[in-house]
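Worksheet: the structure to be examined is printed underneath.
The values are calculated or read from the model by the stated rules, or taken from the named source; none is laboratory data. Note that the structure is predicted; figures quoted are calculated from it, not measured. Ideal geometry is used to build each Cβ from the backbone, glycine not excepted, and the neighbour counts take in all protein chains shown.
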Amino acid sequence: MSTERIQAALRDATDTNDVIIAAGALSSVSEVFNRTLGEFPAVVVADENTYKVAGEEVHRRLTAAGRNVVDPYVFPGRPTLRAEYGNITTLAAWLRTHDAIPVAVASGTLNDIVKRAAHECGRPYLAVATAASVDGYTSFGASITKDGFKQTLTCPAPRAVVADLDVLTAAPAIMTASGYGDLLGKVPAGADWIVADELGVDPIDPHVWDLVQGPLRAATARPAELAAGDRDAMLALVEGLMMSGLAMQVSGSSRPASGAEHYFSHLWELEGLAHGVDGGPPPEHGLKVGFGSIAVAAFYERLLQRDLGEIDVDDRRAAWPSWAEVEQAVRATHKTPGLDKAAVEQSRAKYIDADQLAERLTLVRDRWPALRERIRQQLLSADQLRDQLRAAGAPTSPSELGLRLDDLKATYVRARMIRSRYTALDLAHEAGVLEEIVEELFAPGGYWAQAAT
Ligand SMILES: [Zn+2]
């Protein structure tokens, strides 16, 4: 059974026909496959870990139902599978040796690899979730590093998702903490969308907004219970994550689910800045997003203290750089191969000239009281986010992520350049307060100066 909320979202979803969230849901996998994909042959794709916890059972149930089943494809359990394009090429080549429809028994990265590989072979797929670690199960697109740059490669979402609460609660605690971080990130992501909406850059679709933000507060309200393995808290988290993915399907964009906190995470990932501690694997996506959410919330707190109704528009217009100057600055800031080129393209896509800047800042001046109020309604403080993440068992300090304070500081300016999406960082940049807010955050008395002591 899926919840009423999920059912409502599925009616508008373009790719996914069913999402089953229940204890013991693995037992329904063959029936779900039949109902959503038909009589085709099936093949389980897993890694050594996920095969053990659920893949074996899924394979057995598909076989027992009398279906034509190809022997499973199992990636090694170690080292941790990376979201790199080469893995997709390998899997797609193997899938082409038969005509079976893949059943990904996986969490975030492997699910994305199967999602894209299936698409490259012109096949749909079914996802069996092994951890509540990301919102990517129900979203289209695969977050993959290709040509040195983290990109969302197009591909449809799975035809159906099976999420067994018994499997999810037994998953490593850090995976659940990651899902919690990815979901809590919708708080600042929502604030960024409000900014873009109020300024007419990216209007909010109220229906899509409700899909994500509607269940969000309840789904993130009980981090300690979640960490303790509470079944209801897990159900709420999984539902929130699935709703977020479905919202992306309905809107055809990741805007409902990601803002600056995700660009912080992407930058750290691409440059290996958050590398984990004690030689362990790099931190899970949602752990970086959760920490990025604290960073963005701290930034918002300083931004909201300012009166952008007082901006001197002519002053800003006179100081506004040409595209050639911006391009030079982006190239000087981003030298990682692949990312350098992408950052120029993304920055170019959102560059506005001096006249457009004057127009936008005039709007900011007029709308600031209303905008500030809307953001305040949406946001949680950096301290609140930190406390909730900590209760969920997620890292909340730079050192826990293996992130240097200097790199964190530089991220505020650098992350803005790697994605064309308009966020609070762009508003601050255009208003001429980005750098000074960042300085304040790291100066004595600033959020990160305190956090580091
Ligand atoms: Zn995410």
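Data overview
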| item | result |
| --- | --- |
| Residue count for region 253-275, restricted to those that are among the hydrophobic types (A, V, I, L, M, F, W, C) and either at pLDDT 95 or above or surrounded by fewer than 24 Cβ atoms within 10 Å (Cβ to Cβ) (or both) | 5 |
| From 134, 161, 195, residue being surrounded by 24 or more Cβ atoms within 10 Å (Cβ to Cβ), in contact with a Leu (Cβ under 6 Å, 6 or more places away or on another chain) and either assigned to a helix (DSSP H, G or I) or not hydroxyl-bearing (Ser, Thr, Tyr) (or both) | 195 |
| Selection from region 192-221 of residues that are within 16 Å of the ligand (Cβ to nearest atom) and either closer than 21 Å to residue 299 by Cα or under 15 Å from the mean Cα position of the chain (by Cα) (or both) | 192, 193, 212, 213, 216 |
| Odd one out for residue 217 among (1) in contact (Cβ under 8 Å) with a residue 60 or more places away in the chain; (2) surrounded by fewer than 24 Cβ atoms within 10 Å (Cβ to Cβ) | (1) |
| Identity of the residue in region 249-274, among the hydroxyl-bearing types (Ser, Thr, Tyr) and within 12 Å of the ligand (Cβ to nearest atom), that ends up nearest to residue 397 (Cα to Cα) | 265 |
| Elements of type helices (runs of 4 or more DSSP H) contained in region 369-446, each with 3 or more residues being more than 25 Å from residue 216 (Cβ to Cβ) and in contact (Cβ under 8 Å) with a residue 12 or more places away in the chain | 405-414, 424-431, 434-442 |
| Matching entry among 246, 241 (being in contact (Cβ under 8 Å) with a residue 24 or more places away in the chain, outside any loop (DSSP other than H, G, I, E, B), touching a helix residue (DSSP H, G or I) at 6+ places or on another chain (Cβ under 6 Å) and more than 10 Å from the ligand (Cβ to nearest atom)) | 246 |
| Residue list for region 329-351, restricted to those being in contact (Cβ under 8 Å) with a residue 60 or more places away in the chain, surrounded by 14 or more Cβ atoms within 10 Å (Cβ to Cβ) and not in a helix (DSSP H, G or I) | 334, 336, 338 |
| Some residue of region 287-297 being closer than 16 Å to residue 390 by Cα, away from the ligand (no atom under 16 Å from the Cβ) and of a type outside the set (Lys, Arg) | yes |
| Listing of strands (runs of 3 or more DSSP E) fully contained in region 9-84 that carry 2 or more residues being in contact with a helix residue (DSSP H, G or I) (Cβ under 7 Å, 6 or more places away or on another chain) and small (Gly, Ala, Ser) | 42-47 |
| Filtered residues of region 28-58 (kept if hydroxyl-bearing (Ser, Thr, Tyr) and farther than 22 Å from residue 237 by Cβ) | 30, 36, 51 |
| Complete set of residues in region 19-56 that are small (Gly, Ala, Ser) and touching a residue at least 12 places away in the same chain (Cβ under 8 Å) | 22, 23, 24, 25, 27, 28, 30, 42, 46, 54, 55 |
| In region 137-158, the residues that are closer than 24 Å to residue 14 by Cβ, more than 14 Å from the ligand (Cβ to nearest atom) and not in a strand (DSSP E or B) | 154, 155, 156, 157, 158 |
| Residues (more than 18 Å from residue 433 (Cα to Cα) and of a type outside the set (Phe, Trp, Tyr)) located in region 310-329 | 322, 324, 325, 327, 328 |
| Single unsatisfied condition, residue 224 versus (1) away from the ligand (no atom under 14 Å from the Cβ); (2) of a type in the set (A, V, I, L, M); (3) in contact with a Leu (Cβ under 8 Å, 6 or more places away or on another chain) | (3) |
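Yes/no matrix, rows are residues, columns are (1) under 19 Å from the mean Cα position of the chain (by Cα); (2) of a type outside the set (Lys, Arg); (3) under 23 Å from residue 338 (Cα atoms):
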position: 111; (1), (2), (3): yes, yes, no
position: 121; (1), (2), (3): no, yes, no
position: 126; (1), (2), (3): no, yes, no
position: 130; (1), (2), (3): yes, yes, no
position: 133; (1), (2), (3): yes, yes, no
position: 138; (1), (2), (3): yes, yes, no
position: 144; (1), (2), (3): yes, yes, yes
position: 149; (1), (2), (3): yes, yes, yes
position: 159; (1), (2), (3): no, no, no
